Amino acid sequence: MYLVTGAAGFIGRSIAAELLKRGESVRGVDNFVTGKRANLVGLEGMEFIEGDLADQSVCKRVCAGIEVIFHEAALASVPRSVADPVATNTACVDASLYLLNEARLAGVRRVVYAGSSSAYGDTPTLPKHEGMLPKPISPYAAAKMAAELYMGAFARVYGIETVVLRYFNVFGPYQDPTSQYSGVMAVFCRKMLAGEQPTIFGDGEQSRDFTFIENVVHANLLAASAPAEKVSGRVMNAATGSRITLNQTFKALVKLTGYAGKPNYEAPRAGDIRDSLADISLAKELLGYEPQVCFEEGLRRTVEWYKSGGGN
Ligand code: UD2
């Protein structure tokens, strides 16, 4: 049986949906701090437990009888972590350690962990490859990185198989567009479809390796089944290997949404990274990973989803 943490969140629910489609048994856990009950619609075949992984007894309960965990639960967002670094640490570090500990005690075979491209920090060298020294520059990046280190240490010390996938700016259907901490793509889609002016923090020339959700789901399923001797204890980028600026993204969304105005420019955000682009050769080599959906197609499908009322 598979466990998906953060199963009511954007990425967790997408992984759970694919597992159910493949006929797998799935248990999900979420505390609904950022996850949404509406995201569980369509996942009726999943056993669902409401609970907070920062509570060790919840970790123990959800790990019983599980073979593989997809650990997606977190408090995402750089600005949220700047506003409340302790909450980010509790949700991203404490909870991940408790989960790992109960996982090893329960005999879970493998944990696939949602790492973050923020680990690379704001260094100028592109593309980012896994051999680079991590340099987190926000509390969020530090927290995601700390849990990543625990993954490696647990594989080494306890023999539980762990695989870290460093996600690069994932977007797509089910990403929450309503919070002040929502990812930029979800915010822009919602606002521009509603005819509201989006805000760009900085000059808009910052770039991201925006990765459509299906590519990340694909990487997770490969990471769950790849041979342990190849992948356990390893860290891999999960991305597309191409980048686009926010100004270009805005233009692409103008075409898809019909928004007629201009963006509002404001000061850059604290802890923000200028450019981000992944080298995906390691995931290709170790997992046989190839991006399945290109940026343009992903953006089209994403806008369609928000257009049809998704995320409300
Ligand atoms: C970081 C990680 C990403 C993931 C994410 C989770 C990097 C490069 N990426 O994403 O992998 O872990 O955190 O939260 O570290 N922006 C606007 N207007 C808005 C909202 C955002 O201009 O209304 C800008 C923002 O300042 C940034 C870019 O858009 O330059 C992307 O912001 P984001 O919050 O979507 O994601 P980011 O890059 O912090």
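On the stretch given as segment 45-69, residues that are open to solvent by 70 Å² or more (accessible area, probe 1.4 Å) and in a strand (DSSP E or B) total 2.
VAL41 meets the stated requirement of being more than 30 Å from TYR158 (Cα to Cα), at pLDDT 95 or above and surrounded by fewer than 24 Cβ atoms within 10 Å (Cβ to Cβ). Checked against the criteria, SER77 does not count as in contact with a helix residue (DSSP H, G or I) (Cβ under 6 Å, 6 or more places away or on another chain) and open to solvent by less than 40 Å² (accessible area, probe 1.4 Å). Filtering segment 289-312 to residues that are touching a helix residue (DSSP H, G or I) at 6+ places or on another chain (Cβ under 8 Å), open to solvent by 50 Å² or more (accessible area, probe 1.4 Å) and under 30 Å from ALA228 (Cα atoms) leaves GLU290, GLN292. Give me the residue from segment 132-144 that is in contact (Cβ under 8 Å) with a residue 60 or more places away in the chain and assigned to a loop (DSSP other than H, G, I, E, B) and, out of that set, nearest to PHE10 (Cα to Cα). Per the criteria, the residue is SER138.
Note on segment 216-305: enclosed helices (runs of 4 or more DSSP H) holding 2 or more residues that are among the hydroxyl-bearing types (Ser, Thr, Tyr) and within 16 Å of the ligand (Cβ to nearest atom) are 246-257. Of all residues in segment 124-151, those satisfying the criterion of being aliphatic (A, V, I, L, M) and either more than 11 Å from the ligand (Cβ to nearest atom) or on the phi > 0 side of the Ramachandran plot (or both) are LEU126, MET132, LEU133, ALA142, ALA146, ALA147, LEU149, MET151. You will find that of ALA119, ALA155, ALA147, ALA106, the residue that is surrounded by fewer than 20 Cβ atoms within 10 Å (Cβ to Cβ), out of contact with any Leu (no Cβ under 7 Å at 6 or more places or on another chain) and in contact (Cβ under 8 Å) with a residue 40 or more places away in the chain is ALA106 and no other.
From the list PHE32, PHE10, PHE70, which residue is on the phi > 0 side of the Ramachandran plot and within 19 Å of the chain's Cα centre (by Cα)? Let's see the steps before the verdict.
Working: PHE10 fails: on the phi > 0 side of the Ramachandran plot; PHE70 fails: on the phi > 0 side of the Ramachandran plot.
Matching residue, one of PHE32, PHE10, PHE70: PHE32.
Among the residues of segment 86-107, are any within 12 Å of the ligand (Cβ to nearest atom) and in contact with a helix residue (DSSP H, G or I) (Cβ under 6 Å, 6 or more places away or on another chain)? Within segment 86-107 (the criterion being within 12 Å of the ligand (Cβ to nearest atom) and in contact with a helix residue (DSSP H, G or I) (Cβ under 6 Å, 6 or more places away or on another chain)), the answer is yes, since at least one residue qualifies.
Among the residues of segment 158-194, those that are part of a loop (DSSP other than H, G, I, E, B), within 16 Å of the ligand (Cβ to nearest atom), open to solvent by 30 Å² or more (accessible area, probe 1.4 Å) and more than 19 Å from LEU277 (Cα to Cα) comprise TYR174, ASP176, THR178, SER179, GLN180, TYR181, ALA194.
The values are calculated or read from the model by the stated rules, or taken from the named source; none is laboratory data. Note that this is a predicted model, so its numbers are computed, not measured. Methodologically, a virtual Cβ is constructed for each residue, glycine included, from the backbone with ideal geometry; neighbour enumeration extends over all protein chains shown. All accessible areas refer to the heavy atoms of the entire protein, side chains included, with ligands and DNA or RNA removed. Shrake-Rupley method; radii C 1.70, N 1.55, O 1.52, S 1.80 Å.
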